[in-house]
Amino acid sequence: MLLSQRSLFSIPSDIVYLNTAYMSPLLKSVMIAINQGTQAKENPWKIKIPDFYEDVNKARFLFSKIVNAKSDTIAIIPSASYGIETAAKNLKLSSQKEILILEDQFPSNVYPWIRLAEEQNGNIRMISNKEQNDLTSFIVNSIDEKCQIVALPNVLWTTGELIDLVKVRQKCNIVNAALVLDLTQSVGAMSIDFREVKPDFAVVANYKWMLGPYTTGFLYVDPKYHEGRPLEEGWISRKNSQNFINLVNYTNKYQTGAVRFDMGERSNFSLIPGVVAALEQLLNWSISEIEATLQNQNATLANKLKNIGLSVLNEQQRGPHFVSAELPSDSNPDLLSILESKNIYLSKRANSLRITPHLWSNNEELDYFVFELSKAL
Ligand SMILES: Cc1ncc(COP(=O)(O)O)c(C=O)c1O
C-alpha cells in the first residue's frame, strides 16, 4: 500500500480534488519534463533527428509494460476518438451485422460506430441494463452471432461500474466478433493484461488515470491489423524516415508494427517528455500498488457515504478507483457549486456523484468532504 503522494503534486493544501475521472493534475516531474521539452524548441538547433524517435519509442515501450503487450503493437494518438476512428476504419462490418455498444457509453466510443453502421448498412445494438443485472453477464448474454464488433470500456465513465473483459472476450471468440476497448477511465489505475483480454484495438487518452498531458494517448493494435490503413499518411511512419535527406524518395512501405497508425507530428517535443515522466512514475509506484491503495481508500469512503444514507455500488460491482453515489431525487440542485465553495471538486454524471480521489488524497480530506456533502444534500 502506498502512503500519500501529495508532495509530488502542486495541489494547494486547502483543495480537495476528487475528480481524476474528469482530469488529473500533472505531477511536478511531468511539469519539469514538459517545460524542458518546450525549452528545447526555443533553441531548435539542439533538436536532432534521433529526438523525433527516441522519446516516442520510450513512451510506447513504457506503456506496453502497463498493459502487458509488445511495444510494437502501440501507436501514439492524440485522443480516444482518434484511436476508435482508426479501429472503425480497419474493421469489417457486413450488411445487416451489428456493432454492440452500451447505453451511456462515452461518445468517443459511439460516434465512429454510428458512422460505420450507416456506411456499411449495418446496425448499432445499444444495450441497456435497465433491470440492473450483473453487467458482465448482461453483456455476455447480449452478444450473439449478429454482433461483428463489440465496443466497450472496462468501467462505465459515469458510475465506475465494472465489466469483466476476459469473459466478454471469450464470448466474442465464440461468435467471432472483434473487441474494441476504450480504457481511458481505467488504465493507469487498474491492472489489465492484454495477453488475456486480447483486444483487437484498445485506446487510452492520457489526461485522466495516466496522469499525462492533454492531447496525448495510446492505441493498441493487434498484429493482425498491422498491414491496415492509418487515418493519416504521415511521412515519419514510413520506412527509413530517419533519413531526412531522402524523404522525397517516396516509398509505399511503413515502419514495422503499429507505428503506421501514429498521428502526424507525434514527436511532440513538449508533451511526449511529460508522457514519459508520467509513465515512469506510474511504473515506479506499480499499477497493482496504485490499484490496491485506491481500492482501500475508496472502500472506506464508500462506507462513509452509506452512513450518510447514500446508495453506492458494492466493491465487486465497481472499479477499485471509482466511487459513485446515487443522489436522492430531492437532492440540492446546487450541490456541486456548494461543494466548490468549500474547495471540494468532483463531478455529477446523470443522477450520480462521481467521486474519484487518487494518491494525493487523504482520509482527513475525505472525512471533510463527506461532512460537507451531508450538510449540502
Ligand atoms: C471513457 C472516456 N473515453 C474518452 C474520453 C475522452 O475522449 P477523447 O480523448 O476522444 O476526447 C473520456 C473523457 O471523459 C472518457 O470518459
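The values are calculated or read from the model by the stated rules, or taken from the named source; none is laboratory data. Note that the coordinates shown come from a computational prediction; the quantities given were computed from them, not determined experimentally. All Cβ positions, even for glycine, are placed from backbone atoms using ideal geometry, and neighbour counts span all protein chains on display.
Summary table
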| read-out | value |
| --- | --- |
| Failed item in (1) assigned by TED's automatic domain parsing to the domain that holds Ile338; (2) free of Cβ contacts under 8 Å to residues at least 60 places away in the same chain, with Lys46 passing the rest | (1) |
| Single condition Leu283 does not satisfy, out of (1) in contact (Cβ under 8 Å) with a residue 12 or more places away in the chain; (2) touching a strand residue (DSSP E or B) at 6+ places or on another chain (Cβ under 9 Å) | (2) |
| Residue in region 130-151 that is under 15 Å from Thr184 (Cα atoms) and not charged (D, E, K, R) present | yes |
| Test for Lys89: is it among the charged types (D, E, K, R), farther than 21 Å from Glu232 by Cβ, more than 15 Å from the ligand (Cβ to nearest atom) and assigned to a helix (DSSP H, G or I) | no |
| Positions within region 202-222 being within 14 Å of the ligand (Cβ to nearest atom) and part of a strand (DSSP E or B), in sequence order | Ala202, Val203, Val204, Ala205, Gly217, Phe218, Leu219 |
| Evaluation of Phe63 against (1) in contact (Cβ under 8 Å) with a residue 12 or more places away in the chain; (2) in a helix (DSSP H, G or I); (3) over 18 Å from the mean Cα position of the chain (by Cα) (one fails), failing number | (3) |
| Answer from Ala350, Ala325, Ala258 - the residue that is more than 26 Å from Leu26 (Cα to Cα), without any contact (Cβ under 8 Å) to a residue 40 or more places away in the chain and not charged (D, E, K, R) | Ala325 |
| Cross-chain or 6+ apart pairs with Cβ under 8 Å, region 191-218 first and within 22 Å of Pro357 (Cα to Cα), then more than 15 Å from the ligand (Cβ to nearest atom) and assigned to a strand (DSSP E or B) | Leu211/Leu27 |
| Test: Asn154 is under 25 Å from Lys97 (Cα atoms), polar (S, T, N, Q) and in contact with a Ser or Thr (Cβ under 9 Å, 6 or more places away or on another chain) | yes |
| Any hit, region 240-254, residues being at pLDDT 95 or above and either closer than 27 Å to Pro25 by Cβ or within 28 Å of the chain's Cα centre (by Cα) (or both) | yes |
| Answer residue from region 266-284, given it is of a type in the set (Val, Ile, Thr) and in contact with an Asp or Glu (Cβ under 7 Å, 6 or more places away or on another chain) and is nearest to Ser79 (Cα to Cα) among those | Ile272 |
| Considering residues of region 318-333 that are modelled with pLDDT under 95 and of a type outside the set (Gly, Ala, Ser) only, the residue surrounded by the fewest Cβ atoms within 10 Å (Cβ to Cβ) | Asp330 |
| Conditions (1) more than 30 Å from Gly257 (Cβ to Cβ); (2) within 14 Å of the ligand (Cβ to nearest atom); (3) of a type outside the set (Val, Ile, Thr): number failed by Gln96 | (2) |
| Odd one out for Tyr22 among (1) in contact with a strand residue (DSSP E or B) (Cβ under 9 Å, 6 or more places away or on another chain); (2) closer than 27 Å to Asp222 by Cα; (3) within 16 Å of the ligand (Cβ to nearest atom); (4) not acidic (Asp, Glu) | (2) |
| Count of region 131-171 residues which are within 17 Å of the chain's Cα centre (by Cα), free of Cβ contacts under 8 Å to residues at least 40 places away in the same chain and assigned to a loop (DSSP other than H, G, I, E, B) | 2 |
| Residue identified as within 16 Å of the ligand (Cβ to nearest atom), assigned by TED's automatic domain parsing to the domain that holds Glu233 and not acidic (Asp, Glu) among Ala75, Ala69, Ala40, Ala59 | Ala75 |
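Conditions (1) out of contact with any Lys or Arg (no Cβ under 6 Å at 6 or more places or on another chain); (2) over 19 Å from Tyr220 (Cα atoms); (3) polar (S, T, N, Q); (4) away from the ligand (no atom under 12 Å from the Cβ), marked per residue:
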position: Trp113; (1), (2), (3), (4): yes, no, no, yes
position: Gln120; (1), (2), (3), (4): yes, yes, yes, yes
position: Ser137; (1), (2), (3), (4): yes, yes, yes, yes
position: Val155; (1), (2), (3), (4): yes, no, no, no
position: Gly160; (1), (2), (3), (4): no, yes, no, no
position: Asn173; (1), (2), (3), (4): yes, no, yes, yes
position: Leu181; (1), (2), (3), (4): yes, no, no, no
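The rows are residues; the columns are (1) touching a helix residue (DSSP H, G or I) at 6+ places or on another chain (Cβ under 7 Å); (2) part of a strand (DSSP E or B).
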| position | (1), (2) |
| --- | --- |
| Glu291 | no, no |
| Leu294 | no, no |
| Ala302 | no, no |
| Lys306 | no, no |
| Gln316 | no, no |
| Ser337 | no, no |
| Lys348 | yes, yes |
| Leu359 | yes, no |
